[in-house]
Amino acid sequence: MVGIGMVVWPAVALAVDESASQRAEWLEKEYRYVVIEQDVRDVLTEFGRNLSLPMDISSEVEGRVRGDIPSGSAGEFLDRVAAANGLVWYFDGSVIHVATRGEITQRTFDLRGIDSTRLMKSLDRRVGEPLSAQLVDDGSALQVVGPPAWIDSVARRVDRLRQPAASGYAGVTVFRGSVVTNTQATE
């Protein structure tokens with residue numbers, strides 16, 4: 001049972017991550033929110049509540065939002081609030097993660113033994129601003145830039161693809177009364 005889980009897990013994990021862009025219909029929803037003068041954290045919390053989406057707001061996020069924010073869609077609203085307050089965001093398919101521009105980091109991942117084409121396909125479906133992922137060193141490494149939640153997501157994807165698949169059937173343990181016989185399969 002464990003062997004089967006190990007074989008299926010990377011495919012399931014990537015399928016969950018790949019569906020983030022498919023579940024981001026909220027980006028196109030019409031969204032109007034009148035702001036008089038409000039803490040940006042409160043505006044973002046209400047934004048998530050109004051769209052029934054959990055928000056993960058970094059403790060570094062601070063500031064005030066003043067005046068009406070002209071937007072037609074929820075995505076435009078979030079982009080404008082982020083731009084006006086030096087923020088970045090990433091949607092992982094379930095949660096909108098918001099951080100400051102100062103929290104943007106860069107990380108390089110070793111891709112030896114990893115299907116980089118499959119990885120890049122899943123990363124091309126990312127939803128957020130700004131997020132960057134590019135192959136370097138002739139495809140043997142991946143360089144990513146973005147907020148901490150994006151970097152963590154990429155790290156999980158790389159780790160899942162790196163996990164070795166189960167090697168298949170290894171042997172049988174036969175119980176006959178009080179006698180136990182172990183038989184190893186040979187290839």
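Please treat every number below as a calculation from the coordinates, not as lab data. None of the values given here were measured: they were computed from a predicted structure. Counting neighbours? That spans all protein chains shown, and the Cβs are built from the backbone with ideal geometry, glycine included.
All conditions in (1) surrounded by 15 or more Cβ atoms within 10 Å (Cβ to Cβ); (2) in contact with a helix residue (DSSP H, G or I) (Cβ under 9 Å, 6 or more places away or on another chain) hold for Thr100, with the sole exception of (2). When restricted to residues that are buried (at least 17 other Cβ atoms within 10 Å of the Cβ), of a type in the set (Ser, Thr, Tyr) and farther than 23 Å from Asp152 by Cα, region 26-80 contains 2.
Of the numbered criteria (1) over 13 Å from the mean Cα position of the chain (by Cα); (2) under 25 Å from Val88 (Cβ atoms); (3) assigned to a helix (DSSP H, G or I), the one Leu161 fails is (2).
Is region 121-134 home to any residue that is under 30 Å from Ile57 (Cβ atoms) and touching a Lys or Arg at 6+ places or on another chain (Cβ under 7 Å)? For region 121-134, residues under 30 Å from Ile57 (Cβ atoms) and touching a Lys or Arg at 6+ places or on another chain (Cβ under 7 Å): present.
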